[in-house]
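Since the structure comes first, as structure tokens, the remarks are kept for the end.
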Amino acid sequence: MKSRSAWVAMILTGLVVAAIYFAYDPAASRWFPRCPFLMLTGLQCPGCGSQRAVHSLLHLDVMSALHYNALLVVSLPAVLFLCYVELMRERRPRLYTSVHRPAVIWTVFTLFMLWWIGRNVILLCK
């Protein structure tokens, strides 16, 4: 298990990043990075809209967050669960090994790829 100071540092870093995304709108600020894949191809990558979605979620605007990046919003409970699994790695090793199986990894990869393809097909059909 990681040391307590490492976890505290990660939590503090997360809070600072959350404060920045709360205070500044990525859509209106030129300081936030733009997606190079979108700039080069005109197509959205799976992460496109994530910064705006995080900003919207921090302002409790779930509908806008879903509009910007639905996969991010829908996957947040799974991400929180994975953080819990990582925290409990030594205390609950069977849970850790049951989550870190090839079938789970391939399922996540497949969903990720379907999202990437699907969102661009929808955009191209409009």
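Listing for the model above:
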read-out: Test: residue in segment 100-109 that is among the basic types (K, R) and either at pLDDT 95 or above or open to solvent by less than 60 Å² (accessible area, probe 1.4 Å) (or both); value: no
read-out: Residue list for segment 24-44, restricted to those being out of contact with any helix residue (DSSP H, G or I) (no Cβ under 6 Å at 6 or more places or on another chain) and either within 18 Å of Y68 (Cα to Cα) or of a type in the set (D, E, K, R) (or both); value: Y24, A28, S29, R30, P33, R34, C35, P36, F37, L38, M39, G42
read-out: Residues of segment 53-64 that turn out to be of a type in the set (A, V, I, L, M, F, W, C), under 16 Å from A28 (Cβ atoms) and open to solvent by 30 Å² or more (accessible area, probe 1.4 Å), as a count; value: 2
read-out: When residues of segment 86-98 are limited to those that are at pLDDT below 90 and of a type outside the set (K, R), the one farthest from L43 (Cα to Cα); value: E90
read-out: Residues being over 26 Å from L57 (Cα atoms) and open to solvent by 70 Å² or more (accessible area, probe 1.4 Å) - total across segment 74-92; value: 4
read-out: Any hit, segment 29-52, residues being outside any helix (DSSP H, G or I), open to solvent by 60 Å² or more (accessible area, probe 1.4 Å), over 22 Å from L123 (Cα atoms) and among the charged types (D, E, K, R); value: yes
read-out: Residue check for V85: over 30 Å from A27 (Cβ atoms), of a type in the set (V, I, T) and not in a loop (DSSP other than H, G, I, E, B); value: yes
read-out: Residue check for R34: modelled with pLDDT under 95, within 21 Å of W116 (Cα to Cα) and of a type in the set (D, E, K, R); value: yes
read-out: Any hit, segment 65-73, residues being surrounded by fewer than 16 Cβ atoms within 10 Å (Cβ to Cβ) and assigned to a helix (DSSP H, G or I); value: yes
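The values are calculated or read from the model by the stated rules, or taken from the named source; none is laboratory data. Since we're looking at a predicted model, the values are computed, not measured. Heads up, the Cβs are rebuilt from the backbone with ideal geometry, glycines too, and the neighbour counts pull from every protein chain shown. Accessible surface is based on the protein model in full, side chains and every heavy atom, while ligands, DNA and RNA are left aside. Shrake-Rupley method; radii C 1.70, N 1.55, O 1.52, S 1.80 Å.
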